[in-house]
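Visitor: Here you go, one structure.
Read-outs throughout are calculated quantities, based only on the coordinates presented, and are distinct from any laboratory measurement. None of these values were measured; they are calculated from a predicted model. Counting neighbours? That spans all protein chains shown, and the Cβs are built from the backbone with ideal geometry, glycine included.
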Amino acid sequence: MARRKQIYEGKAKVLFEGPEPGTLVQYFKDDATAFNNKKHGTITGKGVLNNRISEYLMTRLTEIGVPNHFVRRLNMREQLVRQVEIIPIEVVIRNVAAGSISTKFAIPEGTQLPRSIVEYYYKNDELNDPMVSEEHVTAFGWASVQELDEILSLSLRINDYLSGLFLGVQLRLVDFKLEFGRIYNENGDVQIILADEISPDNCRLWDVTTGEKLDKDRFRRDLGGVAEAYQEVARRLGILPEG
Ligand code: C5P
């Protein structure tokens, strides 16, 4: 089989040209990085698990009418997705204080936030993904006011839905990161859709009872049992054979 043309290589994924125009193949690697690439590692089997977990969550979101780039899973490590024009913003939604918000504002990890907090970061490795305001996003033309409204409302819907879904399997959705892109319909209309992946690489997931971390913080903080934690998330979602 002819080698597919590589479009982009990220830290945890590679994008290849897809079989039809307007599609891409998203390949999930086992590589893990943290702290803007300063920490590197490999989590054996992570790519396979994230491919399945993201497939599962994107499919559930499609069912509730959240437009997203997922088309279908192709094999263990690859899924077919729609090609989007990526919006260079990372949207972080927080329900519980952890990570950078705890450090920045000296809020103990685990503090329930009075309401969900949405933050925007400019996707730029050289600048260390700086936090930006809505004003920055619109003034610098990364998204229009209407697009940002849509991104915010989709993000809050996704948060409500996923918080409930994870709670149903005894997991607390502490925070997570989303990325969005534009697609252009035949008539020239622009639509904002969810892109990238949703997995323990970009969510914080804590066991409801014990508070055990079942996400990438196990890698970031050298807690051990990283692959086992990702497997446990997949198992609870019912997408791993019971073993
Ligand atoms: O590090 P911080 O606390 O700001 O991360 C908030 C959430 O966003 C975490 O769930 C983390 O996994 C995710 N995140 C991400 N990619 C980044 C930054 C944060 O997936 N570049």
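Visitor: State which residue is farthest from residue 201 (Cα to Cα) when the search covers only the range 219-238 and only residues that are of a type outside the set (A, V, I, L, M, F, W, C) and in a loop (DSSP other than H, G, I, E, B).
Guide: Per the stated criteria, the residue is 238.
Visitor: Does residue 193 fit the bill of being surrounded by fewer than 20 Cβ atoms within 10 Å (Cβ to Cβ), closer than 23 Å to residue 12 by Cα, touching a strand residue (DSSP E or B) at 6+ places or on another chain (Cβ under 8 Å) and not aromatic (Phe, Trp, Tyr)?
Guide: In short, yes.
Visitor: I need the strands (runs of 3 or more DSSP E) fully contained in the range 1-57, keeping only those with at least 2 residues that are surrounded by 17 or more Cβ atoms within 10 Å (Cβ to Cβ). Step through it out loud before you land on a result.
Guide: Values: elements: 6-9, 13-17, 23-28, 31-34, 39-42.
Answer list for the range 1-57: 13-17, 23-28, 31-34.
Visitor: Then there's this: Failed condition for residue 227, given (1) of a type in the set (Gly, Ala, Ser); (2) surrounded by fewer than 20 Cβ atoms within 10 Å (Cβ to Cβ); (3) without any contact (Cβ under 8 Å) to a residue 40 or more places away in the chain, with all others met?
Guide: It is condition (3) that residue 227 fails.
Visitor: Consider residue 68 against the criteria (1) under 17 Å from the mean Cα position of the chain (by Cα); (2) surrounded by fewer than 19 Cβ atoms within 10 Å (Cβ to Cβ); (3) among the polar types (S, T, N, Q): it satisfies all of them except one. Which criterion is unmet?
Guide: Here residue 68 meets the rest and fails (2).
Visitor: Let me ask something additional. With the structure loaded, tell me whether residue 126 is of a type in the set (Asp, Glu), within 16 Å of the ligand (Cβ to nearest atom) and within 15 Å of the chain's Cα centre (by Cα) or whether it fails that test. Quick ask: steps written out before the conclusion?
Guide: Working: of a type in the set (Asp, Glu): yes; within 16 Å of the ligand (Cβ to nearest atom): yes; within 15 Å of the chain's Cα centre (by Cα): no.
So residue 126 does not fit the description; no.
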